[in-house]
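Throughout, read-outs are computed from the coordinates displayed, never taken from laboratory work. The structure presented is a predicted model; accordingly, all values stated were derived computationally and were not measured. Positions of Cβ are generated from backbone atoms using ideal geometry, with glycine treated the same way; all protein chains shown enter the neighbour counts.
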Amino acid sequence: MKDRRRDGSPDSRAQAKRFEGSAGFRRKRHVRERQACATLGRLANAESRHRRQLQLDALVLQVHRSVDHAVGRAGRPRRCPLRRHREHRSRVARDPAQPNLRQVHLLHSELFVELAAKGFRVNPDQLGENITTKGIDLLALPVGTELQVGEEARLRLTGLRNPCGQLDEFQAGLTAAVLDRSPEGKLIRKAGVMSVVLVGGVVRPGDQVRVELPAEPHGGLERV
């Protein structure tokens, strides 16, 4: 009578133990575990598809050769080699010993739509960028973000491009148009981001851009 209590009633713990050991209970538990795994798998696959879709929407719109980030000229889209030792001439002339954090200038093409609403007509390459992107909020990425551009080139974001007076020489008032203020009064620079080349390679219009965020905590992009 070990399965009964002192008062003669069945021992519920003993019954539960026998039930859990039964073949029917094991089958039901196995089914529940498989269903839970399948649900988690579907969620993981959906998230993975979403990430891949974001990456597929992030593209190189145009590529331009511009060692000194000249403003106001528009060239044809082309393939462009990115090299690790590209120098920014004005910065080198000012201080040859400072690290070169402005090897490649990237600009989001969505800015052109914003400028058009303000009455400015700006095309890719005319703000001096090396790479014009589509589908990436470059300004929102943290410092240290790495971009795999095409199959070969890999860049690391170092900071924001500081718009200069050359923009006003191209179109009057353009410098102010690429600046804004946050509700807290902080200056917002919209003229693209600067980066260094981690791995050199050829970049072509239409190349996919894959984003890899740095380890947390993230820091915002500042002027370089």
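General observations
- Backbone HN-Hα couplings from phi across the stretch 128-135 [Karplus 6.51/-1.76/1.60, Hz, Gly and Pro as x]: x, 6, 7, 10, 9, 9, 9, x
- Sparse-neighbour loop sites [trypsin sites (Lys or Arg not before Pro); the stretch 118-200; at most 12 other C-beta within 10 Å; DSSP]: Lys118, Arg121, Lys186
- Rounded, prolate or oblate (a/c below 1.5 giving rounded, otherwise prolate when a/b exceeds b/c) for the stretch 96-224 by Cα gyration tensor: prolate
- Fewest-first ordering of Ser109, Ser195 by other beta carbons within 10 Å of each residue's beta carbon gives Ser109, Ser195.
- The GluC sites (Glu not before Pro) found in the stretch 138-224 that occupy coil by DSSP, while having at most 10 further C-beta atoms within 10 Å, are Glu184.
- Environment charge at Arg181 (Cβ cut-off 12 Å; Lys +1, Arg +1, Asp -1, Glu -1): +1
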